[in-house]
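Report on one structure; see the data block that follows.
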Amino acid sequence: MHSTGFGSGVAVPHGKSACVKQPFVLFARKAQAIDWKASDGEDVNCWICLGVPQSGEEDQVKIIGTLCRKIIHQDFINQLRQGDADQVLALLNQTLSS
């Protein structure tokens, strides 16, 4: 199993389940980072969690790809780390709807 730590303190854990009817994204942030075995060795304090229906492989790949293209930008990471709940929600909605 591979780590879902993408670097710069951000992880994108994801999964498919028959219990999930529509794709969803959940964001969590913790003041103290934890070891997540990230690719860059950095501890993680921001998680963008993704769940999709069992048949949602295409949705999962698309959403993860979109997030990965944003996570490489420091300004995006800073907004995740420093934004309030409304700002992070707006950021993720904008990112995933484009």
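To the nearest 0.05, how large is the calculated FRET efficiency for S39 and L91 if R₀ is 25 Å and r is the Cβ-Cβ distance? Let's see the in-between values first.
On the way: r = 23 Å, r/R0 = 0.90.
In this case the efficiency is close to 0.65.
Quick one: go through region 6-25 and flag any residue whose amide nitrogen is under 14 Å from the point 7 Å out along the Cα-to-Cβ line of C49.
Under 14 Å, as judged by backbone N against the label point of C49, lie 11-17, 20, 24-25 of region 6-25.
What is the distance, in nm, between label points placed 7 Å from the Cα along the Cα-to-Cβ direction at V20 and at V61?
1.6
Non-local amide H neighbours of A11 (under 5 Å, H modeled in plane, Pro and chain starts lacking H): which ones?
F6, C46, W47, I48
Which three semi-axes in whole Å describe the equivalent ellipsoid of the chain, each the square root of 5 times a Cα gyration tensor eigenvalue, listed largest first?
21, 16, 12
Quote the relative contact order of the chain in percent (integer), defining contacts as alpha-carbon pairs under 8 Å separated by 6+ residues. Intermediate values should be presented prior to the final figure.
Details: 159 pairs, mean separation 27.8, N = 98.
Normalised by residue count, the contact order of the chain is 28 percent.
Taking Cα atoms, how many degrees apart are the long axis of helix 85-97 and the longest axis of the chain, rounded to 10 and kept between 0 and 90?
It is inclined by approximately 50 degrees.
Taking the Cα atoms of region 1-58, what is the range of coordinates along each of the three principal axes, in descending order and whole Å?
Ordered largest first, region 1-58 gives principal extents of 33, 23, 14 Å.
Each value in this text was obtained by applying a stated rule to the coordinates, not by laboratory testing. Remember, it's a predicted structure, so these values are computed and weren't measured experimentally. Positions of Cβ are generated from backbone atoms using ideal geometry, with glycine treated the same way; all protein chains shown enter the neighbour counts.
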